Amino acid sequence: MISKKSDSLIIAGKKFQSRFLLGTGKFRNKSDVKSCINSSGTQIVTVALRRVDVERHEENILKYIPKNVTLLINTSGARNAKEAVRIAHLAKESGCGNWIKIEVINDSKYLLPDNFETIKAAEQLVKDGFIVLPYVSPDLNVARELVKVGSSTVMPLGSLIGSRQGIRTKELIQILIDEIDVPIIVDAGIGAPSQAAEAMEMGADAVLINTAVATALDPVAAAKSFALAITAGRLAHLSGMAQRAASAQASSPLTGFLYEQS
Amino acid sequence: MKITINGKKTALKSPQTLAAIVRQTCKEPQYVVAEVNGKIVKSNGWAKTVIRENDAIELVSFVGGG
Amino acid sequence: MISLSETKKILKDNDPKSLECLAQKAKRLTEQYFGHAISLYAPLYLSNYCSSHCIYCGFNNHNRIKRFKLNLDEMRQEMSYIKNKGIENVLLLTGESYKATPLSYLKDAVTTAKDFFTSISLEVHPMDEKDYHELFLNGADGLTIYQETYDRKRYKQVHVSGKKADYDYRRETPKRAAKAGFRHISLGILLGLSVVADDLWALYKHLAEMEKSFPAVEYSLSFPRLRPIKGENFALCDVDDKTFIKIIALTRTLFPRVGINLSTREPAYLRDHALGLGITRISAESNTSVGGYTLQSPDVQEPQFDIKDNRSVKEIIRALKHRGFDPVLTDWRRIDNR
């Protein structure tokens with residue numbers, strides 16, 4: 001019997017029971033953010049840093065995030081390592097913690113992260129005392145380098161941000177799961193609970209979901225469905241189910257000769 | 001006196017403290033992080049920081065994000 | 001990574017159907033990752049001086065055999081002969097003697113070999129990292145080092161004296177070689193020297209460790225079967241052909257990209273069947289006597305082991321092509337030593 005308590009997600013020495021990370025962008029109503037956190041049981045949410053809109057006076061998102069939830073501050077908007085580092089320091093100054101999701105994008109067509117700048121930012125931010133969770137295109141050499149400079153996780157994209165195409169980088173993510181020793185959190189592109197379950201069945205340590213929940217007609221129900229799928233996928237992975245067998249191709253016998261010998 | 005706040009040119013009648021400017025522009029100053037001329041100014045230093053001609057202020061706070 | 005109990009289970013399974021299934025899987029994987037390429041190389045014994053006493057080896061220092069060591073001219077003669085057969089990949093071997101074949105001797109051998117071959121591997125006594133680095137800078141790119149057995153007790157039993165008795169120094173050798181820059185590292189065990197399942201599993205574990213720590217190195221494995229020397233049998237158990245084929249196929253399925261080597265200890269018919277089931281490197285027209293290609297007649301000297309496949313390089317290439325394989329003589333050509 002697999003005990004839920006013993007299967008914690010451990011990032012930078014901190015234990016979490018939920019393997020669901022929730023992004024807070026694109027929500028129609030900020031109050032839905034709070035409800036989704038409740039319905040999903042997520043313990044880590046991402047937020048971004050933006051210039052205060054002095055004209056509109058919007059309510060701050062932090063009001064809708066319970067104090068016991070870990071804030072993961074996204075450096076979105078940064079186009080290079082220098083900007084990402086600057087955003088991280090601004091975030092730290094707010095007193096809301098030092099957990100940073102490094103997101104460096106200078107490609108406005110696909111929103112693909114810049115792996116090289118991300119490594120540079122990771123190296124600097126680890127030195128500056130941040131807990132670093134970098135978002136990258138899945139690449140084993142990049143992941144190794146990120147671990148080497150001290151990243152606490154690697155977050156490979158499943159598919160393009162907002163595309164909801166699911167896991168399109170499956171083989172590359174599997175390699176990271178198999179070879180990299182820090183938690184692998186699949187981030188971006190997960191559009192359906194079945195896709196989240198797929199990532200967890202592969203052995204991913206957690207998934208980060210934003211668009212699919214925020215833009216659903218009923219975000220609270222959507223968040224709950226993802227949470228259930230993530231739990232199911234994780235349990236399936238732990239249960240050690242047999243892999244799908246590759247179809248056998250008929251071929252002439254190869255070992256008959258061993259039985260012909262006198 | 002001309003200064004820039006969040007990239008926009010603004011005119012001030014006289015030098016003011018950063019604390020005063022934040023209070024005037026932000027509804028919830030407790031969630032705001034301020035930079036003056038590229039350097040972060042801690043909130044406990046806002047009252048002592050006087051804003052002068054051509055200073056560039058950045059005021060940021062958290063929003064929903066992925 | 002397969003567990004020890006799973007390894008034992010597979011080796012115990014006598015069902016011909018399971019073996020055939022495993023073989024088919026191994027064939028598919030070999031073709032997927034290697035195509036039909038089979039790399040050819042030849043061993044060149046430079047010296048049979050040895051300071052270690054391994055009870056199962058014909059070269060051991062307690063054995064009263066004639067000792068030979070090639071000088072540079074003799075090396076050139078042997079190398080020229082091998083090169084003329086078409087071989088580009090040479091494995092330079094010595095007994096394990098730090099005195100008779102020190103670093104300087106090996107460096108000279110590698111430098112000489114560079115005039116003839118595009119790829120030079122070494123199977124010599126374990127050395128320090130800085131010595132390996134010098135050999136690498138001189139032109140060697142491959143290192144073969146067999147642990148023989150991973151069972152410490154048995155290891156101590158069969159390696160009575162000499163530097164070879166140091167289990168840990170030997171086991172750490174592949175690491176030192178990788179740090180020194182070697183691009184190809186070959187690990188291995190002597191099948192039958194100890195409990196087969198345990199040794200095989202320990203070899204897999206060693207390989208997995210190396211792959212994780214030094215992912216840029218190309219690895220290959222060998223598991224020659226321990227043969228009697230002078231009628232004396234040191235094997236704990238007989239490793240029959242079925243088990244041997246099973247080990248090759250199993251290894252291929254567990255490590256799809258690793259090279260698997262088959263020496264001329266095995267007879268031609270077995271070698272031919274093993275190709276395509278996982279074997280990707282074979283020696284051709286081997287001679288395991290020092291100077292055995294051109295300088296000595298076989299009855300003058302004790303070879304390290306008896307050759308069972310006596311076909312010439314030409315014959316082997318023809319046989320390979322006939323069976324649809326692609327004999328490869330040169331894989332990589334080095335352009336600088338760094």
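Below, the figures for the structure above:
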| quantity | calculated |
| --- | --- |
| Where A:F16 falls short, out of the listed (1) within 19 Å of A:W99 (Cα to Cα); (2) facing chain B (nearest Cβ under 9 Å); (3) of a type in the set (F, W, Y) | (2) |
| Check on C:R318, at pLDDT 90 or above, under 15 Å from C:P43 (Cβ atoms) and of a type in the set (K, R) | no |
| Any hit, segment C:95-103, residues being of a type outside the set (D, E), part of a helix (DSSP H, G or I) and within 19 Å of C:N287 (Cα to Cα) | no |
| Of residues in segment C:269-285 being at pLDDT 85 or above and either more than 14 Å from every other protein chain (Cβ to nearest Cβ) or in a loop (DSSP other than H, G, I, E, B) (or both), the one surrounded by the most Cβ atoms within 10 Å (Cβ to Cβ) | C:G278 |
| Residue match in segment C:101-109 (condition: under 20 Å from the mean Cα position of the chain (by Cα) and at pLDDT 95 or above) | yes |
| Odd one out for A:V69 among (1) surrounded by 15 or more Cβ atoms within 10 Å (Cβ to Cβ); (2) more than 8 Å from every other protein chain (Cβ to nearest Cβ); (3) without any contact (Cβ under 8 Å) to a residue 40 or more places away in the chain; (4) more than 14 Å from A:L21 (Cα to Cα) | (4) |
| Residue check for B:V60: under 10 Å from the mean Cα position of the chain (by Cα) and at the interface with another protein chain (Cβ under 7 Å from one of its Cβ atoms) | yes |
| Some residue of segment A:208-224 being modelled with pLDDT under 95 and on the phi > 0 side of the Ramachandran plot | no |
| Qualifying residue in segment A:17-37 (condition: in contact with a Lys or Arg (Cβ under 6 Å, 6 or more places away or on another chain) and of a type outside the set (K, R)) | no |
| Unique match (being buried (at least 18 other Cβ atoms within 10 Å of the Cβ), within 14 Å of another protein chain (Cβ to nearest Cβ) and not in a loop (DSSP other than H, G, I, E, B)) among C:A109, C:A26 | C:A26 |
| Any hit, segment C:65-81, residues being in a loop (DSSP other than H, G, I, E, B), among the charged types (D, E, K, R) and either at pLDDT below 90 or more than 22 Å from the chain's Cα centre (by Cα) (or both) | yes |
| Criterion: in contact with a strand residue (DSSP E or B) (Cβ under 9 Å, 6 or more places away or on another chain), over 29 Å from C:S39 (Cα atoms) and among the charged types (D, E, K, R) - qualifying residue of C:D166, C:D141 | C:D166 |
| Candidates C:T264, C:T243 - the one that is outside any strand (DSSP E or B) and more than 18 Å from the chain's Cα centre (by Cα) | C:T243 |
| Condition met for C:D238 (assigned to a helix (DSSP H, G or I) and surrounded by fewer than 22 Cβ atoms within 10 Å (Cβ to Cβ)) | no |
| Failed condition for C:P174, given (1) assigned to a loop (DSSP other than H, G, I, E, B); (2) buried (at least 22 other Cβ atoms within 10 Å of the Cβ) | (1) |
| B:G7 within 8 Å of another protein chain (Cβ to nearest Cβ), within 24 Å of A:I87 (Cβ to Cβ) and small (G, A, S) | yes |
| Verdict on A:V85 being assigned to a loop (DSSP other than H, G, I, E, B) and among the hydrophobic types (A, V, I, L, M, F, W, C) | no |
| Which numbered condition A:L21 fails, given (1) among the aliphatic types (A, V, I, L, M); (2) under 30 Å from A:E123 (Cα atoms); (3) in a helix (DSSP H, G or I) | (3) |
| Residue count, segment A:39-66 (criterion: without any contact (Cβ under 8 Å) to a residue 40 or more places away in the chain, polar (S, T, N, Q) and either within 26 Å of A:A206 (Cβ to Cβ) or more than 7 Å from chain B (Cβ to nearest Cβ) (or both)) | 1 |
| Subset of segment A:95-118 [among the small types (G, A, S) and in contact (Cβ under 8 Å) with a residue 12 or more places away in the chain] | A:G97 |
| Candidate set from segment A:178-212 (those that are within 14 Å of chain B (Cβ to nearest Cβ) and farther than 11 Å from A:F20 by Cα); member that is surrounded by the most Cβ atoms within 10 Å (Cβ to Cβ) | A:I190 |
| Scope segment B:25-49; condition over 30 Å from A:R28 (Cα atoms) and either facing chain A (nearest Cβ under 7 Å) or out of contact with any strand residue (DSSP E or B) (no Cβ under 6 Å at 6 or more places or on another chain) (or both); matching residues | B:G38, B:K39, B:I40, B:K42, B:S43, B:N44, B:G45, B:W46, B:K48 |
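Conditions (1) at pLDDT below 95; (2) crowded, with 19+ Cβ neighbours inside 10 Å; (3) among the basic types (K, R), marked per residue:
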| position | (1), (2), (3) |
| --- | --- |
| A:D7 | yes, no, no |
| A:F20 | no, yes, no |
| A:G23 | no, yes, no |
| A:C36 | no, yes, no |
| A:T46 | no, yes, no |
| A:R79 | yes, no, yes |
| A:K82 | no, no, yes |
| A:K92 | yes, yes, yes |
| A:G95 | yes, no, no |
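The values are calculated or read from the model by the stated rules, or taken from the named source; none is laboratory data. What you are looking at is a predicted structure, and each value in this text was computed from that prediction instead of being measured. A quick note on method: Cβ atoms are made from the backbone with ideal geometry, for glycine too, and the neighbour counts reach across all protein chains shown.
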